[in-house]
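No value in this document is a laboratory result; all are computed from the given coordinates. On a predicted model such as this, the values are computed, not experimentally measured, just so you know. Note that each Cβ is placed from the backbone with ideal geometry, even for glycine, and that neighbours are counted across all protein chains shown.
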Amino acid sequence: MFSENGYTLELATSEAAVGSRVPLQFRIVDATGSPLIRYTDTHDKQLHLIVVGRDLTGFQHVHPELDASGTWYVPVDFAHAGEYRVFADFTPDGGDGITLSADVHVSGAYDPRPLPAAAATTTVDGYIVSLDGAAHAGQTSKLTLSVSRGGHPVTDLQPYLAAYGHLVALRASDLAYLHVHPDGHPGDGVTPAGPAITFYATMPSADDYRLFLDFKHDGVVRTAEFTLTADNATAPVSEHAHAHHGH
């Protein structure tokens with residue numbers, strides 16, 4: 001969504017070249033065209049910027065810097081040619097959370113990657129991350145991601161953005177951005193520092209979704225990626241139970 005609640009994401013340019021640390025500048029403007037300057041922190045930051053290729057590769061979660069004029073700046077990586085989408089996730093001071101998106105065209109020959117098949121485990125930098133939980137369209141799904149390394153559960157995850165993990169979910173068909181909420185808070189005396197991190201997400205339709213889990217361990221933030229398929233919501237089990245009563 002390019003505009004929401006009267007706010008619009010304005011990129012300084014919608015064209016870029018392949019490269020690393022490509023400068024990206026943008027503003028969040030209100031209905032009068034004035035840049036938004038006052039934000040409320042969410043997950044320890046004023047604004048979260050998600051960058052991903054149209055084929056759901058090249059995911060980046062970065063935190064731009066805001067100057068006095070209301071312009072945000074951040075370097076991003078455009079590893080391949082093609083269409084990229086950027087999502088700005090923020091909360092205006094005194095308002096509700098908003099996610100705005102815009103597209104960037106990176107020039108060159110586009111060679112889209114196929115979406116990886118749905119799988120229950122993935123690996124990143126020697127860590128194995130497993131996904132437990134099913135997704136049903138239109139229902140809140142409980143997704144538990146567990147981190148292990150060298151055959152052992154990781155029980156000393158470090159807080160990252162006020163949680164032990166930060167999860168972004170994007171719908172494969174149209175790159176719709178889903179808000180995903182972590183369960184618990186580091187330091188609350190209840191939430192364990194791994195191996196399991198639990199999230200709640202509502203998948204709006206039966207489709208494939210790409211999940212990106214940022215987690216921090218040994219001082220490094222890594223991103224584990226999954227494909228998850230949401231099916232059409234099935235009827236609650238209780239509706240079928242009556243057929244099985246014996247006499």
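So the values come out like this:
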{"quantity": "Residue with peak Gaussian network fluctuation, the chain [Cα springs, cutoff 10 Å], from Gly187, Gly82, Gly133", "calculated": "Gly187"}
{"quantity": "Magnitude of the charge dipole, the chain, Cβ model with Lys/Arg +1 and Asp/Glu -1, debye to 20", "calculated": "320"}
{"quantity": "Amide H contacts of Leu36 (H built 1.01 Å from N, under 5 Å, at least 5 apart or other chain)", "calculated": "Ile28, Val29, Asp30"}
{"quantity": "Computed over segment 1-61, Cα set: Rg, Dmax in Å", "calculated": "13.4, 35"}
{"quantity": "GNM result for the chain, Cα springs below 10 Å: residue of Glu83, Glu65, Glu225 fluctuating most strongly", "calculated": "Glu65"}
{"quantity": "Scaled radius of gyration (Cα, divided by 2.2 N^0.38 Å) that segment 138-227 gives", "calculated": "1.11"}
{"quantity": "Simple Cβ-charge dipole of segment 46-113, Lys/Arg +1 and Asp/Glu -1, about Cα centre, in debye nearest 20", "calculated": "200"}
{"quantity": "Estimated D of segment 122-166 in µm² per second, where Rh is the Kirkwood radius over Cα pairs and Stokes-Einstein applies at 20 °C, 1.002 mPa s", "calculated": "176"}
{"quantity": "Cα-based Rg of segment 75-165 normalised by 2.2 N^0.38 Å, two decimals", "calculated": "1.46"}
{"quantity": "Amide H contacts under 5 Å for Asp77, placed H, 5+ residues apart", "calculated": "Arg21, Val22"}
{"quantity": "Rg over Rh, two decimals, segment 27-137 (C-alpha only, Kirkwood Rh)", "calculated": "1.03"}
{"quantity": "P(r) weight above 21 Å for segment 33-98, C-alpha pairs, percent", "calculated": "30"}
{"quantity": "Dimensions (Å) - the chain, Cα atoms, principal axes, largest first", "calculated": "74, 44, 40"}
{"quantity": "Choice from Thr223, Thr13, Thr57 showing the highest fluctuation, given a GNM over the chain with Cα pairs closer than 10 Å", "calculated": "Thr13"}
